[in-house]
Amino acid sequence: MRSRRDFLKLSALLGMTGLVGLSKTTPAFAAVKKQPEAIVVSTWEHGLAANEAAWQVLAKGGRALDAVETGVRVPEADPKVRTVGYGGYPDRDGIVTLDACIMDEHMNCGSVAFLQNIKHPISVARLVMEKTPHVMLVGEGAKQFALQQGFKEENLLTAESEADWKAWLKDQKIQQINIENHDTIGMLAMDAAGNLSGACTTSGAAYKMHGRVGDSPLIGAGLYVDNDIGAATATGMGELMIKTVGSHLVVELMRQGASPEEACKQAVLRIARKLGDYAQFQVGFLALNKQGQYGAYGIQPGFNYAVQNKAGSTLIDGKSLLGAKV
Ligand code: GLY
């Protein structure tokens, strides 16, 4: 039988954890242990429309993996989004080449790079994950796989992107990626079961060398998901994320206890410390942890991200290294 002294000891211990008077079986304990709440976050303003589509899946109790694929297909199909999918800026030879990857709560992942004439690289990446023994297919092999899976070959170079490319050919000035407000879409979601997934898709740096692949299809660089800890994605100058395996770094920093925003900031500081020419580029990290907290951080001011949950949809300005008040 429990003595009064034991009872007082137990009460004191529970008091330290703020759980006085609650046992695991009482309804009140269930209230302390919060149910997961669905949420989706995405890079940039084009994330608003993408999140809306993802939310249709999450709000019905759907899986985070389905939500992120559905969500990023929106900018992939939108010719007005010039840095993702159809209508994306071509490389310096006038060819649109696409990169994408996807990762689920079981560490399954799939990726395509240097894919041409297929509008939805994210869906091809998902099929690489689900239907092949591999993680990544590139170029012609990725296209052949997509065609075998029923995707249609189509021209992705719109008249607007072609005209901009022809104008660029006149002086061929290399455009620094993403000082302006646009780029890759990276999307992270948690579903009502508390499971995390992420997707990342891009047409990459405008007027890049033919054959150049950035961070977006590289698991660990452009996207990483660890269902025990959280998920992270990146946007901006992909070479910087590849050199630091940036998204994986953000997840590992969260594992060590950093909040999502602090983890993103530390990853940006790592780039700044290690890579001397960082100030001429933009990089933005976005993270979501297992508790549904999110945060972001960039090199340059101007990096924003979209958030959608049951409270609604919002666009948030991320903090940045060069915008920070010292
Ligand atoms: N973050 C996109 C790229 O560098 O291609």
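Read-outs throughout are calculated quantities, based only on the coordinates presented, and are distinct from any laboratory measurement. In this text, all values refer to a predicted model and were calculated from it rather than measured experimentally. Don't worry about glycine lacking a Cβ; one is built from the backbone with ideal geometry, like all the others, and counts go over all protein chains shown.
The table below lists the values:
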{"item": "Cα-based helix-to-principal-axis angle, 159-171 vs the chain, degrees rounded to 10", "result": "70 degrees"}
{"item": "At 0.692 mPa s and 37 °C, Stokes diffusion of segment 73-220 via Kirkwood alpha-carbon radius, µm² per second", "result": "213 µm²/s"}
{"item": "Nonlocal amide H pairs with Val138, under 5 Å, H built at 1.01 Å", "result": "Ala113"}
{"item": "Pair Glu52, Lys166: separation of 7 Å Cα→Cβ label points (nm)", "result": "3.3 nm"}
{"item": "Per-residue Cβ neighbour rank within 10 angstrom, fewest leading, Glu69, Glu160, Glu239", "result": "Glu160, Glu239, Glu69"}
{"item": "Relative contact order [Cα under 8 Å, 6+ residues apart], the chain, whole percent", "result": "20 percent"}
{"item": "Residue-wise HN-Hα coupling along segment 228-239, computed from phi with Karplus coefficients 6.51, -1.76, 1.60 (Hz; x: Gly, Pro)", "result": "7, 10, x, 9, 9, 9, 9, 9, x, 5, x, 4"}
{"item": "Rounded tilt (10° steps) of 4-17 against the dominant C-alpha axis of the chain", "result": "20 degrees"}
{"item": "In Hz, Karplus ³J(HN,Hα) per residue of segment 293-304 (6.51, -1.76, 1.60; θ = phi - 60°; x = Gly, Pro)", "result": "7, 9, x, 8, 6, x, 7, 9, x, x, 7, 10"}
{"item": "Amide H contacts of Thr158 (H built 1.01 Å from N, under 5 Å, at least 5 apart or other chain)", "result": "Gly87"}
{"item": "Karplus (6.51, -1.76, 1.60) ³J(HN,Hα), θ = phi - 60°, over segment 99-114, in Hz, Gly and Pro reported as x", "result": "10, 7, 8, 8, 8, 10, 6, 9, 6, 6, 8, x, 7, 10, 9, 6"}
{"item": "Among the listed pairs Lys80/Lys173; Lys119/Lys166; Lys208/Lys319; Lys290/Lys319, those beyond 26 Å (Cα-Cα)", "result": "Lys208/Lys319"}
{"item": "Label-to-label distance, nm, for residues given as Ala59 and Ala272 (7 Å Cα→Cβ offset)", "result": "3.9 nm"}
{"item": "Net length gained if the chain between Leu147 and His134 were fully extended (0.36 nm per residue, minus Cα distance)", "result": "3.0 nm"}
{"item": "Rounded to 10°, Cα long-axis angle of helix 121-131 versus longest principal axis of the chain", "result": "60 degrees"}
{"item": "Under-5 Å amide H pairs with Asn108, H placed in peptide plane, nonlocal only", "result": "none"}
